[in-house]
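**Q** Take this structure, written in structure tokens, and hold onto it; I'll ask about it next.
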Amino acid sequence: RAAGLAAGLTMAQVNKPGFAAATKMVKLGADNGQLVFVPDEIEICKGDSVTWTNNKAGPHNVVFDEEAIPEGVTQESISMDGLLNDEGATFTKKFDVAGSYAYYCEPHRGAGMNGALTVA
């Protein structure tokens, strides 16, 4: 009986699902039209992605602050080109370098539309 239990435990461990890369979602503009990222702070693991979705009060974009990204990462390689004009339009980026990232919406930066991302 003990051998059967041990075999069952072994199979349970073999069949245990592995960790897969995840995608976190961030809204560009709150549902009430406020010029914010929702949520404005997120944490992901290396290899995960973030999808920003144009929600309200666009156009919006996602631009990373070149002074507030990990060493070896270029602003151009992770920031958006252009704007998201239509509601529901998306921008997705995968992050492979751990560290802290600060970003903003260029058209609404003066209104305080800033976000923070931590890649662990």
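**Q** Consider PHE91 against the criteria (1) more than 17 Å from ASP40 (Cβ to Cβ); (2) modelled with pLDDT of 95 or more: it satisfies all of them except one. Which criterion is unmet?
**A** (1)
**Q** Also, I was wondering about something else. Which residues, counting only those in the range 36-54, are open to solvent by 50 Å² or more (accessible area, probe 1.4 Å) and either of a type outside the set (Lys, Arg) or closer than 16 Å to GLY115 by Cα (or both)? Don't jump to the end; show me each part of the working.
**A** Kept after step one, since they are open to solvent by 50 Å² or more (accessible area, probe 1.4 Å), are these residues of the range 36-54: 38-41, 43, 45-46.
Across the range 36-54, the qualifying residues are VAL38, PRO39, ASP40, GLU41, GLU43, CYS45.
**Q** Now a separate question. Might you let me know whether the range 34-41 holds any residue that is more than 18 Å from ALA22 (Cβ to Cβ), β-branched (Val, Ile, Thr) and part of a loop (DSSP other than H, G, I, E, B)?
**A** Checking the range 34-41: at least one residue is more than 18 Å from ALA22 (Cβ to Cβ), β-branched (Val, Ile, Thr) and part of a loop (DSSP other than H, G, I, E, B).
**Q** Residues in the range 61-80: is at least one on the phi > 0 side of the Ramachandran plot and over 16 Å from the mean Cα position of the chain (by Cα)?
**A** Taking every residue of the range 61-80 in turn, at least one turns out to be on the phi > 0 side of the Ramachandran plot and over 16 Å from the mean Cα position of the chain (by Cα).
**Q** Report yes if VAL73 is crowded, with 20+ Cβ neighbours inside 10 Å, modelled with pLDDT of 95 or more and not basic (Lys, Arg), otherwise no.
**A** The answer is no for VAL73.
A quick yes/no check of all residues on (1) in a strand (DSSP E or B); (2) touching a helix residue (DSSP H, G or I) at 6+ places or on another chain (Cβ under 7 Å); (3) closer than 24 Å to ALA21 by Cα; (4) open to solvent by 30 Å² or more (accessible area, probe 1.4 Å):
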| position | (1), (2), (3), (4) |
| --- | --- |
| LYS56 | no, no, no, yes |
| SER77 | no, no, yes, yes |
| MET80 | no, no, yes, no |
| ASP86 | no, no, no, yes |
| PHE91 | yes, no, yes, yes |
| ASP96 | no, no, yes, yes |
| TYR103 | yes, no, yes, no |
| GLY115 | yes, no, yes, no |
| THR118 | yes, no, yes, yes |
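The values are calculated or read from the model by the stated rules, or taken from the named source; none is laboratory data. What you are looking at is a predicted structure, and each value in this text was computed from that prediction instead of being measured. Here Cβ is always computed from backbone atoms with ideal geometry, including for glycine, and neighbour counts include all displayed protein chains. Remember, those area values only see protein heavy atoms, side chains included, never the ligands or the DNA or RNA. Shrake-Rupley method; radii C 1.70, N 1.55, O 1.52, S 1.80 Å.
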